Amino acid sequence: MTELQHTLIDHNISVAGSIPEEESAAALEMAGNAAEAEKVFLEEVRLAPESKTSWHNLGMLYVHQSRLNVARNCFLRVHELDEKDGFAVCRIIDLSALLKDMPSVEKWCAILASMPNGEIAALAFKARAFTRCDRYQDAKKLILDAVKNYPREPDILIACGDVMMVYPTVGPAMETACRVYARAVDILASRWESIYRQREIEGRLEIALQHRQKCREALEVIAVLSEDTCSW
């Protein structure tokens, strides 16, 4: 299950026709023959232009093929068909970030925040989007403020860790990543329905711990070299 799916489920954000991401598996399985897969799904949307499922599957095919603009257009169409579909909104945010289209990110994060239970998810998505749009300082400020305001929200804690992991060789960033991932794991551990997400974040924590150790070792080397230099 993806971070996007976890966010939608944890916050009870509406998904078009209750379509989980796995239902696009047919699209991904066909991706070995990209031209034929696209032909099939284009025919589906031609025959059923009002079908959210068809546009969803075509969009997922394009995501799998890294055709970001046309993928985003598909999820824009899903949103046209159902403005309450949180999955489409989150996909549009992700794709806009990958396209470095910050005005679009801002617009759709505001839309997500206005949806039922969407405020926390919008903060997390926006912080990650900032990093993809090369606005790390904005991402850092946004997510650290969010951690102060929502210290028990796993989505916020996890997004904070993800933002910090942009700079895995920076000691303070890794210290923060370890703390917020560990807190998220503790919170998720108290929710039996979150076991799979807990395991996923434990994996991120392990990576952060490894980077933190390397940072500490580098500081020790610098300290030794400094002492040697002073002795000259």
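The values are calculated or read from the model by the stated rules, or taken from the named source; none is laboratory data. Every value quoted in this text rests on a predicted model; they were computed, and no experiment measured them. Counting neighbours? That spans all protein chains shown, and the Cβs are built from the backbone with ideal geometry, glycine included.
Examine the stretch 216-227 for a residue that is assigned to a loop (DSSP other than H, G, I, E, B), modelled with pLDDT under 95 and of a type in the set (Lys, Arg), and state whether such a residue exists. Steps first, answer last, please.
Keep residues of the stretch 216-227 that are assigned to a loop (DSSP other than H, G, I, E, B), which gives none.
Within the stretch 216-227, none of the residues are assigned to a loop (DSSP other than H, G, I, E, B), modelled with pLDDT under 95 and of a type in the set (Lys, Arg).
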* With the condition kept exactly as written, say whether any residue in the stretch 130-146 is under 25 Å from residue 83 (Cβ atoms), in contact with a helix residue (DSSP H, G or I) (Cβ under 6 Å, 6 or more places away or on another chain) and among the acidic types (Asp, Glu). => no
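Can you go through 83, 43, 22 and tell me which one is within 22 Å of residue 125 (Cα to Cα), out of contact with any strand residue (DSSP E or B) (no Cβ under 6 Å at 6 or more places or on another chain) and at pLDDT 90 or above? Break it down stepwise before answering.
Values: 43 fails: within 22 Å of residue 125 (Cα to Cα); 22 fails: at pLDDT 90 or above.
It is 83.
Going by the structure shown, is residue 96 in contact with a Lys or Arg (Cβ under 7 Å, 6 or more places away or on another chain), of a type in the set (Ser, Thr, Tyr) and either at pLDDT 95 or above or at negative phi (or both)? Please lay out each step first, then the result.
Details: in contact with a Lys or Arg (Cβ under 7 Å, 6 or more places away or on another chain): yes; of a type in the set (Ser, Thr, Tyr): yes; either at pLDDT 95 or above or at negative phi (or both): yes.
Spelling it out, residue 96 is indeed in contact with a Lys or Arg (Cβ under 7 Å, 6 or more places away or on another chain), of a type in the set (Ser, Thr, Tyr) and either at pLDDT 95 or above or at negative phi (or both).
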* Asked: When you scan the stretch 64-174 for helices (runs of 4 or more DSSP H) that lie fully inside it, which ones turn up with 1 or more residues that are assigned by TED's automatic domain parsing to the domain that holds residue 202, buried (at least 16 other Cβ atoms within 10 Å of the Cβ) and of a type in the set (A, V, I, L, M, F, W, C)?
  -> 136-149, 154-164
* Structure fact -> Of the residues in the stretch 175-192, those that are loosely packed, with under 14 Cβ neighbours inside 10 Å and either within 18 Å of the chain's Cα centre (by Cα) or among the aliphatic types (A, V, I, L, M) (or both) come to 189
* May I ask you to verify whether residue 195 is part of a helix (DSSP H, G or I), in the same structural domain as residue 216 (by TED's automatic domain parsing) and buried (at least 21 other Cβ atoms within 10 Å of the Cβ)? => no
* Consider residue 31 carefully, then state whether it is modelled with pLDDT under 95, among the hydrophobic types (A, V, I, L, M, F, W, C), surrounded by fewer than 24 Cβ atoms within 10 Å (Cβ to Cβ) and touching a Phe, Trp or Tyr at 6+ places or on another chain (Cβ under 8 Å). => no
* To do: Tell me which residues, restricted to the stretch 56-95, are in contact (Cβ under 8 Å) with a residue 12 or more places away in the chain, under 18 Å from residue 45 (Cα atoms) and of a type in the set (Lys, Arg).
  => 72, 77
